[in-house]
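First up is the structure itself, then whatever we jot down about it.
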Amino acid sequence: AGGILTLDLNNLPINKANTDLAHVTSTNNKWPDASAVSAHYNAGICYEYYLNTHSRKSLNGKNGSIISIVNVADNNGDSMDNAFWNGYCMAYGNGDDYYDPLAGSLDVAGHEMTHGVIENTANLVYEFQPGALNESFADVFGSLIDDEDWKIGEDIVKSGKFPNNALRDMQNPHNGGDKSDWFWQPKHMNEYLNLSINDDNGGVHGNSGIPNHAFYLFATAVGRDKAGAVYYRALDNYLTQNSQFVDCRLAVVKSATEL
């Protein structure tokens with residue numbers, strides 16, 4: 001309890017029947033698995049960010065362990081072109097068509113671990129506008145933890161796969177594409193995607209571009225540190241499971257006023 005732990009799934013999928021997790025070890029302090037090194041290092045960076053910036057003790061706020069699992073395969077056994085938080089741990093695939101090994105990206109790590117923080121604070125329902133806010137807050141803190149730019153995943157996308165060389169761009173959610181591209185996001189409510197629950201849970205990954213761009217505008221006006229403090233207070237104190245975009249706006253205004 002209370003540790004930062006990185007485990008290896010040896011290119012197998014995560015499922016309840018799979019118990020082939022292995023500790024990442026070395027007898028000579030040489031560590032050939034770059035994904036394991038990156039995942040472990042990035043978990044420490046994320047832990048320190050939340051502790052030092054927001055006085056938050058780990059993802060659950062109670063000094064809970066932070067677990068990363070590397071070399072995770074897709075359910076069909078193929079190389080996984082994804083990373084995800086499953087309620088217990090971060091799982092990192094080694095990439096396939098679009099990405100290099102995803103553990104190599106600090107903002108991806110910050111995004112996935114922030115899903116753990118969200119689960120233990122507002123616990124935003126993962127559909128429609130609450131789900132888009134869930135995705136957006138994960139991007140917000142991913143971009144604050146890796147504060148070099150406003151892009152997400154730029155360190156692990158494969159060359160030529162995205163016009164903007166990033167999975168998402170908070171400064172420009174259109175990301176170099178148009179509405180027919182899966183990586184395009186709206187950046188204003190006049191572009192809102194009215195999708196069904198069967199289409200990306202009501203567009204949680206698409207519509208998150210709207211609050212992402214709002215955060216970018218706010219943070220460039222007042223600075224990243226102040227914006228991060230306001231958004232963390234809003235998440236921790238005022239947002240609830242079913243909060244809509246307007247609730248987020250009101251929570252941010254209230255938090256900014258109080259701070």
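A compact table of results
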quantity: Shape metrics for the chain, restricted to C-alpha atoms - Rg then Dmax, Å; calculated: 17.8, 58
quantity: Amide hydrogen neighbours beyond the local backbone of ALA73, cut-off 5 Å, H modeled; calculated: ASN11, LEU12, ILE14
quantity: Per-residue HN-Hα couplings for region 234-241 [Karplus 6.51, -1.76, 1.60; θ = phi - 60°; Hz; x = Gly/Pro]; calculated: 4, 5, 7, 10, 10, 6, 10, 3
quantity: Solvent-accessible heavy-atom area per residue, rounded to whole Å², over the chain at 1.4 Å; calculated: 48 Å²
quantity: Within the accessible area of the chain (1.4 Å probe), percent carbon and sulfur; calculated: 47 percent
quantity: Selected from ASN175, ASN75, ASN42 as most flexible by GNM, with the chain as the system and alpha-carbon contacts under 10 Å; calculated: ASN75
quantity: Within the chain, helix-based [θ] at 222 nm, where runs of 4 or more DSSP H residues each add -39,500 (n - 2.57), nearest 500; calculated: -12500 deg cm²/dmol
quantity: In Å, descending, principal axis extents of the Cα set of region 124-246; calculated: 41, 35, 24
quantity: For region 193-259, average projected area of the Cα convex hull in nm²; calculated: 4.7 nm²
quantity: Separation between Cα centres of region 106-137 and region 233-248, rounded to whole Å; calculated: 12 Å
quantity: Probe 1.4 Å, all protein chains present, accessible-area order of THR121, THR257, THR220, largest first; calculated: THR257, THR220, THR121
quantity: Share of alpha-carbon pairs per 5 Å distance bin for region 124-195, given as whole %; calculated: 3, 15, 24, 25, 20, 10, 2
quantity: Rounded to whole Å, sorted largest first: equivalent-ellipsoid semi-axes of region 4-86, Cα gyration tensor; calculated: 24, 17, 11
quantity: The chain: DSSP helices with Cα axial extent of at least 18 Å and average Kyte-Doolittle hydropathy no lower than 0.5; calculated: 128-145, 209-222, 245-258
quantity: Cα-centred dipole magnitude for region 81-201, charges only on beta-carbon of K, R (+1) and D, E (-1), debye, nearest 20; calculated: 180 debye
quantity: Angstrom value of the Kirkwood radius, inverse mean 1/r, which spans all Cα pairs in region 49-108; calculated: 12.7 Å
quantity: Förster radius 22 Å - calculated FRET efficiency between HIS23 and ASN60 (Cβ-Cβ, nearest 0.05); calculated: 0.45
quantity: Cα-Cα pairs of region 173-225 separated by more than 14 Å (percent); calculated: 54 percent
quantity: Karplus 3J(HN,Hα) series, Hz, for region 21-30 with 6.51 cos²θ - 1.76 cosθ + 1.60 (x for Gly, Pro); calculated: 5, 10, 5, 8, 10, 8, 8, 10, 6, 10
quantity: Qualifying trypsin sites (Lys or Arg not before Pro) for region 3-80 [loop in DSSP, other Cβ within 10 Å: at most 10]; calculated: LYS16, LYS30
quantity: Relative counts (whole %) of C-alpha pair distances in region 18-146, using bins that are 5 Å wide; calculated: 2, 11, 20, 22, 20, 15, 8, 2, 1, 0
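The values are calculated or read from the model by the stated rules, or taken from the named source; none is laboratory data. None of these values were measured; they are calculated from a predicted model. A quick note on method: Cβ atoms are made from the backbone with ideal geometry, for glycine too, and the neighbour counts reach across all protein chains shown. Surface accessibility is based on the protein's heavy atoms, side chains included, excluding ligands, DNA and RNA. Shrake-Rupley method; radii C 1.70, N 1.55, O 1.52, S 1.80 Å.
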